[in-house]
């Protein structure tokens, strides 16, 4: 079974702090994704990576950056957290092959006060 | 631009009923379609993955069908149980590695 883990289930940070969200997958998937999910807005793609050290912007990259130094690990960084970044953050991974489905982690509920 | 719509947005049924959740997409050029379940405050759990060349997939009481030419997929849940209460999302994989998600159907099964 695919396993995607996220470093924290719940996180509370102050405005202006630098925040790191970590995601690890154990299935040797090439692709990894970061989404945020907000009521009424659904899932929105922040960034994704299709290989180590490679990244592409998603639909809402502003205020975020990412890092992928190893194939199994994909980090989301909030350079200076703001209250409008309070959200549920979901990480996912997939094979790059056409047949691949996406598999999600348990999510991190981030609150910025 | 690919758009994915799910109908109904919410559904409340008594335990034991057979259910059909609908998903429609505007562009038939997809690699696959995936159905997910999400419990409140949790991540997405993959239920079924249907490749573009397939017509249906089954897992236990769940059956998903795909009609690519008409841009439709259905998720059939047999003999529903209160534990099936969750939000169900469908997503299509177009000619990229990204998914396009539907709006979701919130299902409540009451005893």
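With springs only between Cα atoms under 10 Å apart, run a GNM on chain B and tell me which of B:48, B:99, B:66 wobbles the most.
Of the options given, B:99 has the highest mean-square fluctuation.
Counting other beta carbons within 10 Å of each Cβ, put B:87, A:111 in order, fewest first.
Result, fewest neighbours first: A:111, B:87.
Looking at segment A:20-97 from every direction and averaging, what is the projected area of its Cα convex hull in nm²?
Its average projected convex-hull area is 5.1 nm².
Take the Cα atoms of segment A:1-60, find their three principal axes, and give me the spread along each one in whole Å, biggest first.
34, 24, 24
Let me check against my output: what whole-number percent is the relative contact order of segment B:22-111, with C-alpha pairs under 8 Å and at least 6 apart?
Over segment B:22-111, the number comes to 31 percent.
Peptide B:34-41: average number of partner chain Cβ atoms within 10 Å per residue?
3
With a 10 Å Cβ neighbour count serving as the proxy for reagent exposure, in which order, fewest first, do B:45, B:105 appear?
Listing B:45, B:105 from fewest to most nearby Cβ atoms yields B:45, B:105.
Taking each pair of distinct Cα atoms in the protein assembly as shown once, what is the resulting Kirkwood hydrodynamic radius in Å?
18.0 Å
Give the value in nm², to one decimal: projected area of the alpha carbon convex hull of chain B, averaged over all directions.
Approximately 6.5 nm², given one-decimal rounding.
Evaluate the relative contact order of chain A (contact order divided by residue number), counting alpha-carbon pairs under 8 angstrom at least 6 apart; express in whole percent.
It rounds to 36 percent for chain A.
Sorting A:82, A:67 on the 10 Å Cβ count, fewest up front, what's the list?
A:82, A:67
Take every residue in peptide B:94-106, count the Cβ atoms of other chains within 10 Å of its Cβ, and give the average of those counts.
Per residue, the average neighbour count from other chains is 4.
Just so you know, all these numbers are worked out from the coordinates, no wet-lab data involved. Computed from a predicted model, the values in this text were never measured in an experiment. Neighbour counts are summed over all protein chains in view; Cβ atoms, including those assigned to glycine, are modelled from backbone coordinates with ideal geometry.
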